[in-house]
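Have a look at the structure below, then the notes.
What follows draws every value from the coordinates through simple rules; no lab data is involved. The shown structure was predicted, so the numbers you read here are calculated from the model rather than taken from an experiment. Here the Cβ is made from the backbone with ideal geometry for all residues, glycine too, and neighbour counts use every protein chain on show.
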Amino acid sequence: MKKILISALLGFAATFAGASLAQDFKVGNINIEHPWARATPGAVKNSAAFMVFDNKGAADKLLSVTGDVAREIQIHSMVREAGVMRMREIKSLDIPANGKAELKPGGFHIMLIGLKDGLKDGHKFPLKLKFEKAGEVTVTVVAEKATHDHSGHKH
Ligand SMILES: [Cu+2]
């Protein structure tokens with residue numbers, strides 16, 4: 001009984017730590033909020049990363065994303081084709097002037113193709129983002145279980 005209680009407490013502590021690991025980053029006029037990626041069950045080959053770009057300046061574009069975590073990294077949009085949602089690679093992501101561009105499940109995302117060993121919950125890895133105007137920045141992405149409620153995050 002005591003053992004069960006302790007492991008439950010540890011589980012809660014780990015979840016809490018995981019939720020607070022997410023960091024925000026800044027380059028030029030762009031704040032990069034809560035970069036996270038979907039943790040995978042086991043050694044799954046593909047996943048996706050998400051974050052919000054909050055732009056305090058003129059319109060900008062995300063041109064590329066690079067990193068060692070996967071064999072190939074692409075910027076994807078979701079489009080509806082004949083009633084089915086499909087992913088499409090896009091050349092760049094528009095970030096409006098004094099506005100936000102949001103990468104989230106079911107919408108724009110950074111596709112991680114060919115993961116070496118899946119993504120464990122809590123695993124952190126760097127991604128280098130290149131913006132047309134703001135320049136380059138490396139952000140730390142935290143793998144999180146998709147069951148986390150991301151809509152509840154406040155920034
Ligand atoms: Cu995709």
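Across region 22-148, the convex hull enclosing all Cα atoms gives 104 Å³ per residue. When only C-alpha pairs under 8 Å and at least 6 residues apart count, what is the relative contact order of region 26-154, in percent? RCO, region 26-154: 35 percent. 3J(HN,Hα) along region 100-105: 10, 10, 10, 9, 7, x Hz, from the Karplus curve 6.51 cos²θ - 1.76 cosθ + 1.60 with θ = phi - 60°, whole Hz, x for Gly and Pro. Computing FRET efficiency as 1/(1 + (r/R0)^6) for Ser64 and Lys145, where r is the C-beta to C-beta distance and R0 is 22 Å, gives about 0.20.
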